[in-house]
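The values are calculated or read from the model by the stated rules, or taken from the named source; none is laboratory data. Bear in mind the structure is a predicted one, so any value in this text is a computation, not a measurement. Glycine gets a Cβ as well: all are built from the backbone with ideal geometry, and neighbour counts include every protein chain shown. These area figures cover heavy atoms from the full protein model, side chains too; ligands, DNA and RNA do not enter into them. Shrake-Rupley method; radii C 1.70, N 1.55, O 1.52, S 1.80 Å.
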Amino acid sequence: MVTQRLVSNFDTIFRAKAYFFLKKSIWKYLLFTLIMGYALPINELSPISSGLIYFVAIMILLWPLQYLSAKRFSKLINFDAIVEFNEQEIKLNHNNSNTVEVKDWNWVRVIEIKKERIWLTLNEARPFAISIPKSKLSQSEIEFFKSKK
């Protein structure tokens, strides 16, 4: 069994937004801007150089929007819970509302074990992830998540 306190704040929300963006969207933007570079090259530049300039320009626009979105969302969401992961279920003891939710493991769509964190992507309409730093887990708790993968 693994027990962790999970709090949604600006840092956790921005980290999740960046994770999903880098995992899924950045490749779409890169491909789109390279196509733009071929379709609409900038002056005398090569299509690849034009595409890279477009890519940088779009990233300069998108990252502040990601930041502002995380800032706004962190003010709206009020998630603070002690989460207990065991073999059969996931129990959420909400600190801010004194309620308890019990979820089965189908609530977790994907478990990804990265170098410094364990990411649990949830089966929600809006992409939502739980990020647990490995530094807060014992080796047996890390093995628990590996076995659930």
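Values computed for the structure shown
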| read-out | value |
| --- | --- |
| Solvent exposure ordering (accessible area, 1.4 Å, most first) of Thr99, Thr121 | Thr99, Thr121 |
| For Ile42, residues with placed amide H under 5 Å, excluding near neighbours | Ser50 |
| Residue-by-residue Karplus 3J(HN,Hα) for segment 6-12, coefficients 6.51, -1.76, 1.60, Hz, glycine and proline x | 10, 10, 8, 9, 4, 4, 5 |
| Built amide H within the under 5 Å cut-off of Asn95, gap 5+ | Asp80, Ala81, Ile82 |
| Gain on full stretching of the segment that runs from Tyr38 to Glu87 - 0.36 nm per residue minus C-alpha separation | 12.4 nm |
| Förster radius 22 Å - calculated FRET efficiency between Trp63 and Asn9 (Cβ-Cβ, nearest 0.05) | 0.70 |
| Chain lengthening between Ile48 and Trp107 when straightened (0.36 nm per residue, less Cα-Cα) | 17.0 nm |
| Near-label residues of segment 1-45 by backbone N, under 20 Å of a point 7 Å along Cα→Cβ of Asn95 | 2-16 |
| Whole-Hz ³J(HN,Hα) from phi, Karplus 6.51 cos²θ - 1.76 cosθ + 1.60, for segment 43-53, glycine and proline x | 6, 9, 7, 5, x, 5, 4, 4, x, 5, 5 |
| Kirkwood Rh and Cα Rg combined as Rg over Rh, evaluated for segment 15-73 | 1.09 |
| Solvent-accessible ranking of Val110, Val102, Val83, largest area first, probe 1.4 Å | Val102, Val110, Val83 |
